[in-house]
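The values are calculated or read from the model by the stated rules, or taken from the named source; none is laboratory data. Being a predicted model, the structure only gives us computed values, none of them experimental. Here the Cβ positions follow ideal geometry from the backbone for every residue, glycine too, while neighbour counts run over all protein chains shown.
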Amino acid sequence: MIPRIAARPLFVLTILTGSFLLFLVQPMVARMALPRLGGAPNVWNSAMLVYQALLLGGYFYAHRLSKLTVRRQAQIHLVLLVLAALTLPVGLVDLPPARSGLEVLWVPALLGLSIGPVFLLVSAQAPLMQRWYAADPAAGQPWALYAASNLGSFSGLIAYPLLAEPLLTLHAQSWGWSLGYGLLIVLVLLCALTRRGMNGLPESDEVEAAAAPIPAKRIALWLVLAAVPSGLMLSTTTHLTTDLFAMPLLWVIPLGLYLLSFVVAFSDRRGAARLLTLLAWPALFTAGALSMVSQGSNGLILVIASVGLLFLICVALHGRLYDLRPDPAQLTFFYLIMSLGGVLGGLFTALIAPIAFDWAWEHPILVLAAAVLMPPSARFNWRNMPGLEPSGTRILILGALLLALFCAWQVMVIIVDDGNRGLAALWLAGVAAGGLLVSQWRWLVALVMIWAMLAQGGLLTIEETLHGMRQRSYFGIYTVRDRSAEKIRTLAHGTTLHGVQSTDPARRLTPLSYYGPGSGAGLAFGHAQALFGPGARIGVVGLGAGTLACFHRPGETWTFFEIDPLVLSYSEKRTFTYLKDCAPDARVVIGDARLELAKVAPASFDLIGVDAFSSDAIPLHLLTDEALGVYERALSPGGVLLIHISNRFIDLEPVLSADARKRGLVAAKREDNPEADQNYSPSTWIALSRRPATLKALATASGDAKWEPLGQPAASVWTDDHASILPHVEWRNILGTN
């Protein structure tokens, strides 16, 4: 038998290894799925829901297995681990493409079938190892090992975007993970050897636990305390990946902080957990008040506020969960309920919310729920202050509440009427002060939170919902606004403008926004017949408001590829009339453009335009070398591929420059900065072709509008197997230093 003194480090190492592998594979498999699924935020949320469901299955398996002797547990677990290894290396199953509208079910099916067996068994090792550890009466309490488990999980998450993704291909990542899985099997075997002859917890403890059943109210509280942080983690992820970009670095930040909160909350030393719980209270009334903001972008401030609030709430609620933990004999049941709560939070955010809500209402709802569940702090327990009479307490409460409500009202007035953010911040501090004074009364906390949210932009968000200005699908949140003074109607995806149409009859069919006469789109699509003749065949990836349709000329054949049926409905219902009025005979194909273009006959198009961004998140799977191969195959020999690369956060020019060089394509860039007309937006378009003569003809047709050669290419070409966005991030824009 391995000496008892060496058992604890061995169990810690086993738990760290399993958790590291468990959370390394999550972004890895999601990254594998990008070529099939695109970069919509709900793809990651769906993936997280699958992982949470498999984690629940693993915890249920561990709970049931723990009823047996440790020897029997080890035999069954090791056999199943070896059998699951037959599904390695990690890869996606060959599942037929999803039907339109069924993505919310298809994505979980794809991921579950691909990694289900190994993920379920690896997820079970943490509670199992803790149970085996506690089987030795002299081992001590096992709860700190759960903190070690989450530290391993956090390390795996951070290792993927910072090390695995930039340095290794997906093929190498898959085989590296498989080797780690083999190491885990060896470690589990060694742990089993340390517990030979031990049947489980001492019999007296088992009897005591059986004699004291856990009240149903406490189990329900465990569920809620686990569900709210889980759902909030996913709703925070939705914001980050919608308005920035879909990459594992941003996927893992909320999840990483969520896991890190367990390390703090389940630590034997309670000082850090108490301090962060104390800080969570003022954060709720300041950062939490921003939860209903839906118009405009607050840049890095809102991002920092969101992720900081998430971490503090998770520490506070998980700390309360730790304080309510049961006897170690109920360890696996406790973790099972925690996992079930995590799944319920994921179900609410990833499945129910996109169907039930027109906006990300799940985020403020979960923040409000967290405020109600927060453990009261003794530092703010004013009602038990020495010498304070009950009548004085009531006066204090009333005064604090009136102060908070008045300050919140003033915030609303200042923002709406004056736009003075500095004064608004001062008034918000007043809201926080009032909220802290009433923090011992949950219903008053909820009232202050609701009022603060409404004042900080919630009223505008509610107004847009009541007027039916927004719609939501699996792929995003769309808002249609009429600006009467400017006589325009806009389509926004997230916080990014994706289409503009004039409501002035004289300009109703004039392409606006990124598609002005001097833009790359205006020059290429506007001169399609001069380049390719009267029967030009044109394909467009991304419909949006349908603006490009108004470059259609008689005799041309147009095909749009759009992944989201909701976007098409805006044209069908004539919310935007470009498509119906300018190109009524255009064909619209619903589905992923890359998959649909792969089905067309070679040389089907003379001009293909790629304009398929979702908010500011880039469609990574539409810009890899394999994707360009699909476009090139679909283009005629003298055809032009036109790609819209305008983006606040990513410089895509080096990526396309590298691919053009690899494929032997000629390329040119058109940067348009139309300052004279506010209806036109700055844009950057890149044109690629096999023939230099084609781009020369495009430059000639463009007149005075200059096309420039591309800059220095990236060191490597993006592929489905290996693509890292990190080298191309415009950190100055994200940090707001420009």
(message) Which residue is surrounded by the most Cβ atoms within 10 Å (Cβ to Cβ), if the candidates are limited to the range 464-504 and must be among the aliphatic types (A, V, I, L, M) and within 17 Å of C550 (Cβ to Cβ)?
(response) V500
(message) over 26 Å from L189 (Cβ atoms), at pLDDT below 85, surrounded by fewer than 19 Cβ atoms within 10 Å (Cβ to Cβ) and not assigned by TED's automatic domain parsing to the domain that holds F348: which single residue out of L34, L95 fits that description?
(response) L95
(message) Between V207, V118, which is more than 19 Å from F11 (Cβ to Cβ) and modelled with pLDDT under 80?
(response) V207
(request) Look through L260, L249 and report the one residue that is at pLDDT below 80, surrounded by fewer than 23 Cβ atoms within 10 Å (Cβ to Cβ) and part of a helix (DSSP H, G or I). (result) L249
(message) Go through the range 672-700 and report how many residues are surrounded by fewer than 18 Cβ atoms within 10 Å (Cβ to Cβ) and either not in a loop (DSSP other than H, G, I, E, B) or not assigned by TED's automatic domain parsing to the domain that holds S636 (or both).
(response) 5
(message) part of a loop (DSSP other than H, G, I, E, B), within 19 Å of A524 (Cα to Cα), in contact (Cβ under 8 Å) with a residue 12 or more places away in the chain and among the hydrophobic types (A, V, I, L, M, F, W, C): is that true of A603 in this structure?
(response) yes
(request) Within the range 530-567, track down each residue that is part of a helix (DSSP H, G or I), under 15 Å from D611 (Cβ atoms) and in contact with a strand residue (DSSP E or B) (Cβ under 8 Å, 6 or more places away or on another chain). (result) T547, L548, A549, V567
(request) Would you check which residues across the range 500-547 are touching a Lys or Arg at 6+ places or on another chain (Cβ under 9 Å), among the polar types (S, T, N, Q) and in contact (Cβ under 8 Å) with a residue 24 or more places away in the chain and list them? (result) Q501, S502, S519, Q529
